[in-house]
Amino acid sequence: MVAGPITIDNVYLATKAASVCADKIGAKSVAMSGMDTGVGGVSLREGAETMIRAIKEYVASGAKLKTIALVAINDDLVEQFMVVLKAV
């Protein structure tokens, strides 16, 4: 199987799907890494913006999750998550 190119839409859909799945199994919390910001080649900023947008929309729709932790493998991604979160 050959995967197609990674797009920012993939980041949005993967983030939303992880949130939905966590809610469906009754999880109180979920941790998500920077979706497609490594091998997928999505820029750290775009990835952070898109993930946080998807999370905000899901929470606003009535999510039962209490905690969504954003996990980063490097300081650059931590910085991008922080910049985007401060802007919302």
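Quick notes
- Order of V11, V39 under a 10 Å beta carbon neighbour criterion, fewest first: V39, V11
- Principal semi-axes in Å for the chain [√(5λ), Cα gyration tensor, largest first]: 20, 17, 11
- Simple label model, 7 Å out from Cα along Cβ direction - E57 to V20, nm: 1.1 nm
- Remark: spin-label model distance T67-V83 equals 2.7 nm, labels positioned 7 Å along the Cα→Cβ axis.
- Gyration tensor verdict on the stretch 49-88 (Cα atoms; rounded if a/c is under 1.5, prolate if a/b is larger than b/c, oblate otherwise): prolate
None of the figures in this text is laboratory data; all of them are computed from the coordinates on show. Just so it is clear, the model here is predicted, and its values are computed rather than measured. Note that we place each Cβ from the backbone using ideal geometry, even for glycine, and neighbour counts take in every protein chain shown.
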